[in-house]
Ligand code: XUL
């Protein structure tokens, strides 16, 4: 029993959460927002500005600087980091970091020099492509052709070749910057990079996040020779051997002992992707309950006993950190789209909630929209596509209640449409992420899915998943025990489908299905 630290390196912030397994409590949460705390990186939303809207890269040093800020903030709050028994964490998926010196071969971090100045000379590429990048369609097509078609890649890796996935990004790097690729000794994911920085050595990629690379052979949990060959020459030598997510990958580096007061030898458990980590934090590691995460992107995910795949080609299969597999469908137009509609119709967030709950009705009086304000991954749209159908005011973004309801109904209906391949319709959904505090959004999800909605008392399920994974690895507790104590549904949130509401969506469901099928997806 003791204290465990979970970290979550997400698109816009780095968060920490500490649990106490003896008391069954979350002791503290802390977060560093990149835009606000580190304006010198000129990445207000966590990525660098670029004239090409398809290109989305971040500076890996931003995450290193945020780590120092976050640990300093914990210490400033009076938290004694020497009481932490183990650390684990998660990060935004798919993003990749390129090093010309493996962290394992770099000199030990020196406490006298800021960490960013020690990591900078190790990088062979100053920026890291992240999950929002959609600039690798040509590489996806090349990898697909080399493997003999979509079906072959899906069978091996659990997903088609996908623009934001790491393999196509690596291929693009090799094609466009062959000398820098040649000079690269190590390629790692954001999750394993953060673990590597903490340990001062090269921490391996785990099966949960590794499955989001188009390189891992799912069933074997090993790099696929065929996918490595189709991606870039000499790639195998640049990757660490992937490991199960429960692996102890190292001990906290002496730098963090001297500077922030960790106990020497504090174990670090493999970091994973934010979605696999949320599966743990939401108490959903067993098949049967589905999770909806409402964040910068919206995701729908669930544990899976067998890695069956999406015939439509949009869904993915990743490793479940608790063993086995999980499925995931990701929608880029999550908060980005909700916030854009709220901005256009001038609604504050509380007014957006009221507009849904008391100023509009299920089915939205026939007003509907396609909600793709930024390029979308599910369905695959390389350009934004916003189409409104209904009253003149609705079409002009001049009917705030209908426009607010319209974007959320569209998101819920598309989530339902694109997750049908998972199997049985869920009767209960666990919802997390910033927007899960909005009861209007929760009510629409309940009505569209005709399901009971639960939220947890905590909203950062990814950081909680990190802390739980650290505890599980050290204490050997079962996932079910940990979930029962920490992934606790909020007793104040029990949202059921309103009577007749689901039927109000039947016509709209059919309309969306034909609209989505008719989209000219690439
Ligand atoms: C999942 C995905 C996103 C990122 C966001 O495939 O791309 O959910 O993990 O952090």
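The values are calculated or read from the model by the stated rules, or taken from the named source; none is laboratory data. All figures in this text were calculated on a predicted structure; none of them were measured in a lab. When we count neighbours, we look across all protein chains shown, and the Cβ atoms used for this are built from the backbone with ideal geometry, even at glycine.
Enumerate the helices (runs of 4 or more DSSP H) found wholly within the stretch 472-522, keeping only those where 2 or more residues are surrounded by 13 or more Cβ atoms within 10 Å (Cβ to Cβ), touching a residue at least 60 places away in the same chain (Cβ under 8 Å) and touching a strand residue (DSSP E or B) at 6+ places or on another chain (Cβ under 7 Å). Even if it seems obvious, please write down each step before you answer.
Details: elements: 479-486, 501-504, 506-518.
Passing ranges, in order: 506-518.
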* Asked: Pick from 258, 266, 272, 247: which is under 27 Å from residue 83 (Cβ atoms) and under 13 Å from the mean Cα position of the chain (by Cα)?
  -> 272
* Structure fact -> The condition from (1) at pLDDT below 95; (2) within 16 Å of the ligand (Cβ to nearest atom) that residue 154 misses is numbered (1)
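Residue-by-condition table, conditions (1) in contact with a helix residue (DSSP H, G or I) (Cβ under 7 Å, 6 or more places away or on another chain); (2) modelled with pLDDT of 95 or more; (3) surrounded by fewer than 16 Cβ atoms within 10 Å (Cβ to Cβ):
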{"residue": "113", "(1), (2), (3)": "no, yes, yes"}
{"residue": "117", "(1), (2), (3)": "no, yes, yes"}
{"residue": "121", "(1), (2), (3)": "no, yes, yes"}
{"residue": "125", "(1), (2), (3)": "yes, yes, no"}
{"residue": "130", "(1), (2), (3)": "no, yes, no"}
{"residue": "140", "(1), (2), (3)": "yes, yes, no"}
{"residue": "145", "(1), (2), (3)": "no, yes, yes"}
{"residue": "149", "(1), (2), (3)": "no, yes, yes"}
* To do: Looking only at the stretch 244-267, decide whether some residue is at pLDDT 95 or above, in contact with a strand residue (DSSP E or B) (Cβ under 9 Å, 6 or more places away or on another chain), within 16 Å of the ligand (Cβ to nearest atom) and closer than 29 Å to residue 424 by Cβ.
  => yes
* Meets criteria (within 16 Å of the ligand (Cβ to nearest atom) and either more than 24 Å from the chain's Cα centre (by Cα) or surrounded by fewer than 24 Cβ atoms within 10 Å (Cβ to Cβ) (or both)) for residue 162 -> no
* **Enumeration of residues in the stretch 252-286 that are assigned to a strand (DSSP E or B) and surrounded by fewer than 24 Cβ atoms within 10 Å (Cβ to Cβ)** => 267
* State all residues of the stretch 276-321 that are modelled with pLDDT of 95 or more and closer than 16 Å to residue 220 by Cα; if no residue qualifies, say none. => 317, 318, 319, 320, 321
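Yes or no, residue by residue, for (1) modelled with pLDDT of 95 or more; (2) over 30 Å from residue 369 (Cβ atoms):
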site	(1), (2)
438	yes, no
446	yes, no
455	yes, no
463	yes, yes
480	yes, yes
485	yes, yes
503	no, no
506	no, no
521	no, no
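Among the residues of the stretch 21-38, is any over 18 Å from residue 95 (Cα atoms), free of Cβ contacts under 8 Å to residues at least 12 places away in the same chain and more than 22 Å from the chain's Cα centre (by Cα)?
Of all residues in the stretch 21-38, those over 18 Å from residue 95 (Cα atoms) come to 21-33, 35-38.
Within this subset, residues satisfying the condition of being free of Cβ contacts under 8 Å to residues at least 12 places away in the same chain are 23, 25, 36.
Filter again for more than 22 Å from the chain's Cα centre (by Cα), leaving 23, 25.
Scanning the stretch 21-38 turns up at least one residue that is over 18 Å from residue 95 (Cα atoms), free of Cβ contacts under 8 Å to residues at least 12 places away in the same chain and more than 22 Å from the chain's Cα centre (by Cα).
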* Asked: Failed condition for residue 84, given (1) touching a residue at least 24 places away in the same chain (Cβ under 8 Å); (2) crowded, with 17+ Cβ neighbours inside 10 Å; (3) farther than 25 Å from residue 247 by Cβ, with all others met?
  -> (3)
* To do: Examine the stretch 389-396 for a residue that is crowded, with 20+ Cβ neighbours inside 10 Å, in contact with a strand residue (DSSP E or B) (Cβ under 7 Å, 6 or more places away or on another chain), outside any strand (DSSP E or B) and touching a residue at least 12 places away in the same chain (Cβ under 8 Å), and state whether such a residue exists.
  => yes
* Asked: Condition test on residue 72, is it part of a helix (DSSP H, G or I), over 24 Å from residue 336 (Cβ atoms) and in contact (Cβ under 8 Å) with a residue 12 or more places away in the chain?
  -> yes
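Could you pull out every one of the helices (runs of 4 or more DSSP H) wholly within the stretch 97-183 that has 1 or more residues that are touching a strand residue (DSSP E or B) at 6+ places or on another chain (Cβ under 7 Å)?
Numbers: elements: 115-119, 137-147, 150-157, 166-176, 178-183.
Filter on the stretch 97-183 gives 150-157, 166-176.
If only one of 429, 442 is touching a helix residue (DSSP H, G or I) at 6+ places or on another chain (Cβ under 9 Å) and outside any helix (DSSP H, G or I), which one is it?
Numbers: 442 fails: outside any helix (DSSP H, G or I).
Within the list 429, 442, the selection yields 429.
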* Structure fact -> Subset of the stretch 240-251, residues more than 17 Å from residue 6 (Cα to Cα) and either touching a helix residue (DSSP H, G or I) at 6+ places or on another chain (Cβ under 7 Å) or surrounded by 18 or more Cβ atoms within 10 Å (Cβ to Cβ) (or both), comes to 240, 242, 243, 244
* Structure fact -> Scanning the stretch 208-238 residue by residue, those away from the ligand (no atom under 16 Å from the Cβ) and part of a helix (DSSP H, G or I) turn out to be 225, 226, 227, 228, 229, 230, 231, 236, 237, 238
* All strands (runs of 3 or more DSSP E) inside the stretch 287-338 with 2 or more residues being under 13 Å from the mean Cα position of the chain (by Cα) and free of Cβ contacts under 8 Å to residues at least 40 places away in the same chain -> 298-304
* Structure fact -> In the stretch 1-13, residues that are within 23 Å of residue 63 (Cα to Cα) and either within 12 Å of the ligand (Cβ to nearest atom) or outside any strand (DSSP E or B) (or both) total 6
* To do: Working carefully through the options 335, 348, 365, 358, find the one that is surrounded by fewer than 18 Cβ atoms within 10 Å (Cβ to Cβ), within 15 Å of the ligand (Cβ to nearest atom) and more than 23 Å from residue 468 (Cβ to Cβ).
  => 335
